[in-house]
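*Asks:* Take this structure, written in structure tokens, and hold onto it; I'll ask about it next.
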Amino acid sequence: AAPVQVQLVVPMAVVFGPGSVPGDLPRPLPFRDVQEMEISVNLRTSVTSRYEMRYRSTTAQEEAALAAATAREADAALHPLQNTALGSLTVYVLPETSSLLPQGTNVYVGKHRSALLRAGGSLAALQARLREVTQVMSFTASSIAAALSDRVPDGQLSPDARRYLKSSLGYEITFSLLNPDPKSHTVDWDIEGAVNRYVKPVLDKLSLVANFSVDSQILYYAVLGVTPRYDKESSSFLLSAHSLPHVINPVEARLGSSAASLYPVLNFLLYVPEHSHSPLYIQDKDGAPVSTNAFHSPRWGGIMVYNVEAPASPQASLPLHVDVDMARVMEVFLAQLRLLFGLSQEEVPPEFLLESPGNEGLADWELDHLLWAHTVENIATVSTTLTSLAQLLDKIGNIVIKDDVASEVYRAVASVQSAVTELSLGHLHGAFQASKEAVTSSERAFFDPSLLHLLYFPDDQKFAIYIPLFLPMAVPILLSLAKIVRETRLRKKEPTKMD
């Protein structure tokens, strides 16, 4: 594939509160500084990160906001005063003695695009902390390598890199309730209410990244592909970690959603074990019970086992009526959704305190995380698609390229160039939109029906097809030609009679 050269530029404001300016600043405030780093991916891909830092003092309004009682209140008050462009960061530096951050916490990461941090005394200490903040809040070398995973040799990737969903223009989410034993359990779940209450706020936030559609279904008599093991001590049934991969296949055959889908499908399954296998618990690799009683499968989705309380009296009439506690279920499914998108919290330094994003499910800076990774992935995908298309056209000399295909290719190239330019200007939103347009155009061109290579035969195949048709007609023609030639020769040899 063609080489990809990208520069990721992060506009960053470092704002000093009163009493927090280190004594060894190189020049008086305000001033600018740039830090560049090479992200090594491989030979064909060069990615540089460039943090364009603006050091300045707080304004009167920011000072008032920083006088709040808690870091959370300060974060909320500072939000309207800062640059809220996607991909930008604002870091407010507080004096060492500030009581805004709890004891032992040096960095507070808010739910928007800003952080509060203690000064640390010297410029070197401050810069070390700023580097840690950017690693948490914008992108890391590993997140960019994961986005370019198709171009990276397997050995260099972290095991998590293959977990995340590939960038797509849309995703379909299917919630399925599996009731393998309807004779014993009548199960009710308010999936519509739960989706509106828990899932919709998250998808509204993610709507920038892609289009989402959500549907749900109840499947009866759908069983897991593995028979659980009975454990006498706990008088319960256990599914061990190594048997979990075999659980999915038989169930997937019943789901039937991915066959007709244009986009990747995320499956979230709630499984109510049959009466004869209750209660059912999932064990991890070490044999300890998994607290959520759920597991997830990379790029596929997740399954949660929902145990039903055994009836108090053995005479209780079957089927038992089960009302699913949707808050507990959705908490697990949303955590799995974050995992699939690579938003699970990477290891953060111990002195960091991260604000919970609340019911939106992800902070603004986490959304930026996704956009950085997806933009880089889209640019790489388009370059691969167009390279493959060029190779195909080289191979088939007589291929016909229609005007609309040509214009899609031109549009894809222009959009990729625009995405790379926007990235180098620090405009994440514009870069991501351009990269999405480039993917759409390049795929339209690549999958255009007129470019199907089966429509164009190699020359030897054409001869093989047409010779049997033309040979019977050609024989009498060739014979008569030979006869004409012979007669002409004879006529030339005969001497002309002289009277």
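*Asks:* Restricting attention to region 163-200, which residues are among the small types (Gly, Ala, Ser) and either within 30 Å of LEU148 (Cβ to Cβ) or modelled with pLDDT of 90 or more (or both)?
*Replies:* Taking region 163-200 as the starting set, the residues that turn out to be among the small types (Gly, Ala, Ser) are 167-168, 170, 176, 184, 193-194.
Once the filter is applied, which keeps residues that are among the small types (Gly, Ala, Ser) and either within 30 Å of LEU148 (Cβ to Cβ) or modelled with pLDDT of 90 or more (or both), region 163-200 yields SER167, SER168, GLY170, SER176, GLY193, ALA194.
*Asks:* Here's another thing I want to ask about it. Do we find a residue being loosely packed, with under 11 Cβ neighbours inside 10 Å, in a loop (DSSP other than H, G, I, E, B) and either among the hydrophobic types (A, V, I, L, M, F, W, C) or at pLDDT 95 or above (or both) anywhere in region 477-498?
*Replies:* There is at least one residue in region 477-498 that is loosely packed, with under 11 Cβ neighbours inside 10 Å, in a loop (DSSP other than H, G, I, E, B) and either among the hydrophobic types (A, V, I, L, M, F, W, C) or at pLDDT 95 or above (or both).
*Asks:* Return only the number of the condition from (1) out of contact with any Leu (no Cβ under 6 Å at 6 or more places or on another chain); (2) assigned to a loop (DSSP other than H, G, I, E, B); (3) surrounded by 15 or more Cβ atoms within 10 Å (Cβ to Cβ) that GLU309 does not satisfy.
*Replies:* Every listed condition holds for GLU309 apart from (3).
*Asks:* Within region 414-429, count every residue that is open to solvent by 60 Å² or more (accessible area, probe 1.4 Å) and touching a residue at least 12 places away in the same chain (Cβ under 8 Å). Spell out the reasoning first.
*Replies:* Here is the first cut: in region 414-429, the ones open to solvent by 60 Å² or more (accessible area, probe 1.4 Å) are 417, 421, 425, 427, 429.
When the remaining residues are screened for being touching a residue at least 12 places away in the same chain (Cβ under 8 Å), the result is 425, 427, 429.
Adding up the residues that qualify gives 3.
*Asks:* Within region 439-449, which residues are open to solvent by 20 Å² or more (accessible area, probe 1.4 Å), farther than 30 Å from ASP364 by Cβ and in contact (Cβ under 8 Å) with a residue 40 or more places away in the chain?
*Replies:* PHE446, ASP448
*Asks:* Scan region 24-42 and tell me whether some residue there is closer than 25 Å to LEU208 by Cα and buried (at least 16 other Cβ atoms within 10 Å of the Cβ). Let's see the steps before the verdict.
*Replies:* Here is the first cut: in region 24-42, the residues closer than 25 Å to LEU208 by Cα are none.
Looking for residues that are closer than 25 Å to LEU208 by Cα and buried (at least 16 other Cβ atoms within 10 Å of the Cβ), one finds none in region 24-42, hence no.
*Asks:* Next up: How many of the residues in region 103-125 are closer than 22 Å to GLU347 by Cα and either hydroxyl-bearing (Ser, Thr, Tyr) or touching a strand residue (DSSP E or B) at 6+ places or on another chain (Cβ under 7 Å) (or both)?
*Replies:* Total satisfying the criteria: 11.
*Asks:* Moving on. Within region 279-287, is there a residue that is charged (D, E, K, R) and touching a residue at least 12 places away in the same chain (Cβ under 8 Å)? Write out each step before concluding.
*Replies:* Filtering region 279-287 down to residues charged (D, E, K, R) leaves 284-286.
Remaining after also requiring touching a residue at least 12 places away in the same chain (Cβ under 8 Å): 284-285.
Yes, some residue in region 279-287 is charged (D, E, K, R) and touching a residue at least 12 places away in the same chain (Cβ under 8 Å).
*Asks:* Separate question: Considering only residues that are in contact with a helix residue (DSSP H, G or I) (Cβ under 6 Å, 6 or more places away or on another chain), part of a loop (DSSP other than H, G, I, E, B) and of a type outside the set (A, V, I, L, M, F, W, C), which ones fall in region 321-365?
*Replies:* SER344, PRO349, GLY361
*Asks:* Does ALA77 qualify as being small (Gly, Ala, Ser), surrounded by 14 or more Cβ atoms within 10 Å (Cβ to Cβ), in the same structural domain as VAL21 (by the TED database) and outside any helix (DSSP H, G or I)?
*Replies:* Numbers: small (Gly, Ala, Ser): yes; surrounded by 14 or more Cβ atoms within 10 Å (Cβ to Cβ): yes; in the same structural domain as VAL21 (by the TED database): yes; outside any helix (DSSP H, G or I): no.
No: the conditions fail for ALA77.
*Asks:* Here is a list of conditions, (1) crowded, with 17+ Cβ neighbours inside 10 Å; (2) part of a loop (DSSP other than H, G, I, E, B); (3) touching a Pro at 6+ places or on another chain (Cβ under 7 Å), and GLY225 meets all of them except one; can you say which number that is?
*Replies:* That leaves (1) as the condition not met.
*Asks:* With (1) within 30 Å of the chain's Cα centre (by Cα); (2) buried (at least 19 other Cβ atoms within 10 Å of the Cβ); (3) in a loop (DSSP other than H, G, I, E, B); (4) not acidic (Asp, Glu) as the list, and PRO273 as the residue in question, which single condition is left unmet?
*Replies:* It fails just one condition, (1).
*Asks:* Among what's in region 48-74 and is surrounded by 14 or more Cβ atoms within 10 Å (Cβ to Cβ) and among the polar types (S, T, N, Q), pick the residue that is nearest to PRO11 (Cα to Cα).
*Replies:* The qualifying residue nearest to PRO11 (Cα to Cα) is SER49.
*Asks:* Another question, if that's okay. Residues of region 185-194 being closer than 21 Å to TYR220 by Cβ and surrounded by fewer than 19 Cβ atoms within 10 Å (Cβ to Cβ), which ones?
*Replies:* THR186, ASP188, ASP190, GLU192
*Asks:* Any residue that is out of contact with any Cys (no Cβ under 7 Å at 6 or more places or on another chain) and assigned to a strand (DSSP E or B) - is there at least one of those in region 251-259?
*Replies:* Kept after step one, since they are out of contact with any Cys (no Cβ under 7 Å at 6 or more places or on another chain), are these residues of region 251-259: 251-259.
Narrowing the set further to residues that are assigned to a strand (DSSP E or B) leaves none.
Within region 251-259, not a single residue is out of contact with any Cys (no Cβ under 7 Å at 6 or more places or on another chain) and assigned to a strand (DSSP E or B).
*Asks:* So which of LEU206, LEU244, LEU255, LEU239 ends up being open to solvent by less than 40 Å² (accessible area, probe 1.4 Å) and farther than 24 Å from PHE341 by Cα?
*Replies:* Among LEU206, LEU244, LEU255, LEU239, only LEU239 is open to solvent by less than 40 Å² (accessible area, probe 1.4 Å) and farther than 24 Å from PHE341 by Cα.
*Asks:* Within 17 Å of LYS402 (Cβ to Cβ) and surrounded by fewer than 11 Cβ atoms within 10 Å (Cβ to Cβ), is that true of PRO468? First the steps, then the outcome.
*Replies:* Numbers: within 17 Å of LYS402 (Cβ to Cβ): no; surrounded by fewer than 11 Cβ atoms within 10 Å (Cβ to Cβ): yes.
Spelling it out, it is not the case that PRO468 is within 17 Å of LYS402 (Cβ to Cβ) and surrounded by fewer than 11 Cβ atoms within 10 Å (Cβ to Cβ).
*Asks:* While we're here: Which number in (1) open to solvent by 50 Å² or more (accessible area, probe 1.4 Å); (2) outside any helix (DSSP H, G or I) marks the one condition that LYS200 misses?
*Replies:* Failing condition for LYS200: (2).
*Asks:* Another question about this same structure. Have a look at LYS436, LYS462 and point out the one that is basic (Lys, Arg), in a helix (DSSP H, G or I) and in contact (Cβ under 8 Å) with a residue 60 or more places away in the chain. Walk me through how you get there before you give the answer.
*Replies:* On the way: LYS462 fails: in contact (Cβ under 8 Å) with a residue 60 or more places away in the chain.
LYS436 is the lone residue from the list that is basic (Lys, Arg), in a helix (DSSP H, G or I) and in contact (Cβ under 8 Å) with a residue 60 or more places away in the chain.
*Asks:* Only one of (1) free of Cβ contacts under 8 Å to residues at least 60 places away in the same chain; (2) in contact with a Pro (Cβ under 6 Å, 6 or more places away or on another chain); (3) among the charged types (D, E, K, R) fails for GLU274. Which number is that?
*Replies:* So GLU274 meets the others, but not (1).
*Asks:* Moving on. Out of region 321-335, which residues are open to solvent by 30 Å² or more (accessible area, probe 1.4 Å), among the hydrophobic types (A, V, I, L, M, F, W, C) and touching a residue at least 60 places away in the same chain (Cβ under 8 Å)?
*Replies:* If the condition is that a residue be open to solvent by 30 Å² or more (accessible area, probe 1.4 Å), among the hydrophobic types (A, V, I, L, M, F, W, C) and touching a residue at least 60 places away in the same chain (Cβ under 8 Å), then ALA327, LEU334 are the ones that fit.
*Asks:* Right, another one. Name the pairs: first residue in region 100-117 and among the basic types (Lys, Arg), second residue assigned to a strand (DSSP E or B), Cβ to Cβ under 6 Å, at least 6 apart or on different chains?
*Replies:* Within 6 Å, the pairs are ARG113/LEU89.
*Asks:* Which of the following residues is surrounded by 14 or more Cβ atoms within 10 Å (Cβ to Cβ) and either touching a strand residue (DSSP E or B) at 6+ places or on another chain (Cβ under 8 Å) or not in a strand (DSSP E or B) (or both): TYR263, TYR230?
*Replies:* Values: TYR230 fails: surrounded by 14 or more Cβ atoms within 10 Å (Cβ to Cβ).
Being surrounded by 14 or more Cβ atoms within 10 Å (Cβ to Cβ) and either touching a strand residue (DSSP E or B) at 6+ places or on another chain (Cβ under 8 Å) or not in a strand (DSSP E or B) (or both) holds for just one of TYR263, TYR230, which is TYR263.
*Asks:* Under 6 Å between Cβ atoms, at least 6 apart or on separate chains: pull out the pairs that start in region 235-256 with a residue that is in the same structural domain as ASP284 (by the TED database) and end on any residue that is modelled with pLDDT under 80.
*Replies:* Pairs that qualify, where the first residue is in the same structural domain as ASP284 (by the TED database) and the partner is modelled with pLDDT under 80, are HIS246/GLY225; VAL247/GLY225; ASN249/GLY225; PRO250/GLY225.
The values are calculated or read from the model by the stated rules, or taken from the named source; none is laboratory data. Predicted model only: the values in this text are computed from it and were never measured. Every residue, glycine as well, gets a Cβ built from its backbone with ideal geometry; the counts of neighbours run over all protein chains shown. For the accessible areas, the whole protein counts, side chains as well, though only heavy atoms, and no ligand, DNA or RNA atoms are used. Shrake-Rupley method; radii C 1.70, N 1.55, O 1.52, S 1.80 Å.
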